[in-house]
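Okay, so here's the structure we're looking at.
Since every read-out is calculated from the coordinates, none of them should be taken as a lab result. Small disclaimer: the values here were computed from a predicted structure and weren't measured. We place every Cβ from the backbone using ideal geometry, glycine too, and count neighbours over all the protein chains shown.
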Amino acid sequence: MPRSKSNPDCARHSSKMPKETKSKKGGFVERPTSRSSSSRVVYPFTAIVGQDEMKLALVLSAIDPNIGGVIIMGHRGTGKSTGVRGLADLLPPVRKVKGCSYGCDPDRLNELCQDCVSRLSLDDRLPVERDSVPVVDLPLGATEDRVCGTLDIERALVEGVKAFEPGLLARANRGFLYIDEVNLLDDHLVDALLDAAASGRNVVEREGISITHPARFVLVGSGNPEEGELRPQLLDRFGLYTQITTITDIEDRVEIVQRRERFDDDPLAFQTGQAGEQGRLRRRITRARNLVTRVEIEHELLTLIAALCVQLRVDGHRGELTIARASRALAAFEGRETAKAADIERVAVMALRHRLRRDPLETVDSGARIQEELTELIQMLSTKSRLRVVK
Amino acid sequence: VTSARYPFAAVPGRRAATHALMLLAVEPQLRGTLIASAGSAEDRILARAFGALLYGVAPPRFTSERSQLREDHFEASEVDGAVVELPVNATEDRLLGGLDLERTIETGRPQISAGLLARANGRVLYVDDINLLNGISAHIGLALDSRVVRVEREGMSAIHGADFTFVGMFDRDEGCAASLLRDRVGLIVDTPAERSADDRAETVDRAFRFDRDPFAFVDDFAFETAQLLSQVEDGRARLPLVSVSLDRRRQISQIAVSLGVEGNRADLFALKAARANAALAGRDSVTDDDVVIAIQFVLAPRATMLPSQVEHKQSDEASPADRADEDSRPDLADSDRDLIPGAIEDAVVEAIDARVPRDLLSASQGTPRSSRAGKRFKATIATRGRYVRSATDPPRDSRVAVDATLRAAAPFQFWRRVRSELNRSQSQVTVPGEPGSTSRRVKIEPRDLRFKEFKRRSGILFIFAVDASGSMALNRMAQAKGALTRLLQQAYLHRDKVALISFRGERSDVLLAPTRSVEMAKRLVDALPAGGGTPLSAALVSAIDLARFARLRGTPQTMLVLFTDGRANVGLGDRHSTSARATIGEEIGRLGVLLGAAEISSVVVDTKSRFVSSGEGEALARMLGARYFYLPRSDAASVCDAIRSNTRRPREN
């Protein structure tokens, strides 16, 4: 296939290879480090037209990883994976233990991996470096050994050493694990993911290897519900569920096409053009990350959240926690130290949409139902507080 | 140089397909095309000829990591110049790549083998029948999107360039499988190949001439070929200069919205197609003609509604689901309509009309397909599915799990090398020159062998055949819908597949081909209209057909759930329509036997109210060898449970 200059994208990708290409395996194997996913020029996050709910959800989960990740479901070709891939560029670098395969946090001694613990016992300080947050792709065709990690064949063959080769879960520690077309992921991989996501650790017992390492990652998935549905257990693991639909505004659509064309013509120039916006958003996220732990949420608002979940008969407490965390992250994103009812209003639908009991005869969108209940509760709350003021 | 290629210019007929491929040659950013099949031999000629055309314009240029692949990795059968053919029985291993056993043993270091997607980098990837791609089409779609293939398999981790142009053929009778793929290629040629008897004769004649003397044949078409090449080259040179006015852009987006095209990717493809067409025609700006072409190849095949349907819906009493849909879509007001000139509107309607699949009934009566498909089924079943884990005991017909075998062998390598060195020094004093090379080889013994355990997606296909005749409208259609939705939900929980057939009037319609998407099924059930006769036989034929196709795709067990009031009054075909009820009865009896032969277990859910029932439902169940449920008496939940418990048991006769 002839490649004229119409495809600079491809050429750039290939020219990026050399540094990592000369790795140990077979000449052209790339051992992606955390940055490698962004070694291609990706479409800038801030240049995405519309789709505000998706963008907000992604930003919130970047501010507070404890929200529990995002799943983006909706029509094909609406910028789902573009949004996720663009996120990597917005994440501020973090402190890591130098040379650790899991990127342990030197400030959290109780979460260190076995390697770091033994290093710490030899020397009472761990070497520290600043590195980017990993955004790891979990491809659909991955095999379980590469996801969980297993015996390093190469070292076993060449050196006769029984060594552990970390898998994708290790690489994703303290970062994001992204699964495109998540609803097509094989069940046995989903099982492996669920275990790790629930415990924050990956336990490997295979081929003579026995190891446990930290695997705390933010799960991000995207897919089209018409291709197949998600297992409820997996769905429940995602903090926020955002629905994305085709943009039908003609002017917006024209703008989308024009931007995409400009990007395809000259990705670097396009990126430069968006650098200001990107920088602003990156700084805002960094500030919010520092602020979020200090954001207060009033008891009254917590009661409101609980009432909402009771009203909607949401099982478990993950719904409440997610709303609370997401509204704090939203407050921090807007530079406030207290969360407001308005914050809850903006995040509740995303946090609960996938947690409502499925009524097979239901034709009303669950999002609309949540919104309705919420508006009612907030009205009640405001009349109550007004009464109190009067008293 | 070594062999002549069938020239693109010599492909007779198939004007739509060749036009689309020319657009693709001019604008590779269109990424690929799906073409309605016209028989695989002809399709292959077309695809190969397209490869030859591209080859003629400029030889494939490889990205750097590709060029590091040793050429001996290309099996001659798969790679013909610019075209890499993906066999429909390709496994995930072959598609994505993995550990290369031979070279790993040779070199003593793990070596990766590139999958077909990586091998297609810089070339054309051709698939003969995408309907038969079993679950692997998603990988192709993702590679089209990202232009790379991420390998995380068998201990190997790599990113390979996979920037290819996709050409796939699909069978219109089997609907549009692989929706992910449909979304990621720019052009879709949905119209069947219109070929006159002359065209057919010409095809055979030319193929014959090409076989007899390929070089002479190529020479015969040298002039046409040169013309095409210069057309493509000129088109490419002109492409960056073609301007598209803002109004044109609006027009394209407007049409996409009015056709209910999902996603925003189609707009971009439509624009590229229009522009490529203008460049090919030697124009400097996009005109109406170019937009019509864009509609034909990009927008119309993705349409989910007709522009005229919007008005129709508004006047009609629409179901709640429809109404919700409408809210999210802007109405096509008269003022907007002005943007679409008459010619284009006609093109839209025409293109969509052509899409309506041939009557399923007549398709099912053709017999040659089943023999062909049956062979495929047997040939590929043993190694289909996904490589899940490895085992020491080989399952039948299994393949070696390379990674696990190497891991098992690895710890013993040192001792085995020592041992073999000792053996050699005992038998022979020295082996000059080569000890280094052999000792690095990996030594594998039989007990190291591990085998791949494949996991097929199992689950049951539920075919819901819903009687939507006039009598059903009286007999608790609502209740049937309730039971149906509950069953659908259960199918969702069990990861089963569902298909939906409705029958009324003269014929049955497959509303939903086997899918896992309960959302879609639910939407369709909600909108199910009722009225007309009861063509039960037609529904049974459709169900048998669906079950057969489903089995080919790895869903071996089928359950037919028939919602009816049991009064069939329309037979198969015109000949029977005037004949007596008894004849229809006989017909159903025969179909019942066929159901049994196809190993489809069935359930009849009688929806008739008790007062007027004369045991027709029970009689029907007897004829079909089906279990019988009476809906009005039992509530939806208990019917569901009963049906579900019935499916797991072996069929009793």
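Between B:Gly155 and A:Arg146, the built amide H atoms are under 5 Å apart, and every one of these is 5 or more places off in sequence or on another chain. Length gained on full extension, A:Gln114 to A:Gln311, computed as 0.36 nm times the residue gap minus the Cα-Cα distance: 66.4 nm.
Rounded, prolate or oblate for the stretch A:106-172? Axes are the square roots of the Cα gyration tensor eigenvalues, ordered a ≥ b ≥ c, and the cut-off for rounded is a/c under 1.5. Note, shape of the stretch A:106-172 comes out oblate. Close amide H pairs (under 5 Å, H built 1.01 Å from N) link B:Leu125 with B:Val84, B:Thr165, B:Phe166, B:Val167, residues at least 5 positions away or on another chain. FRET efficiency for the B:Glu616 to A:Asp195 pair, using the beta carbon distance and R₀ = 41 Å, is estimated at 0.15. Couplings 3J(HN,Hα) for the stretch B:503-510, derived from phi with the Karplus relation 6.51 cos²θ - 1.76 cosθ + 1.60 (θ = phi - 60°), are 10, 6, x, 9, 8, 10, 10, 7 Hz, where x marks Gly and Pro. When the pairs A:Lys55/B:Lys272; B:Lys481/B:Lys608; A:Lys80/B:Lys522 are compared against a 20 Å limit on Cα-Cα distance, A:Lys55/B:Lys272; A:Lys80/B:Lys522 fall above it. For B:Thr583 and B:Asn89, a Förster radius of 51 Å and the Cβ-Cβ distance give a FRET efficiency of 0.75, rounded to the nearest 0.05. The 3J(HN,Hα) values that the Karplus relation (6.51, -1.76, 1.60; θ = phi - 60°) gives for the stretch A:191-198 are, in residue order, 4, 4, 5, 4, 4, 5, 5, 6 Hz. Gly and Pro appear as x. Close amide H contacts of A:Ile244 (hydrogens built in the peptide plane, cut-off under 5 Å, sequence separation of 5 or more or a different chain): A:Met73, A:Gly74, A:His75.
Shown in residue order for the stretch B:5-11 are the 3J(HN,Hα) couplings computed by the Karplus curve 6.51 cos²θ - 1.76 cosθ + 1.60 at θ = phi - 60°: 10, 4, x, 4, 5, 8, 6 Hz (x for Gly and Pro). Could you work out the Kirkwood radius for the stretch A:68-201, taking every pair of different alpha carbons, averaging 1/r and inverting it, reported in Å? With all distinct Cα pairs of the stretch A:68-201 included, I get 16.7 Å.
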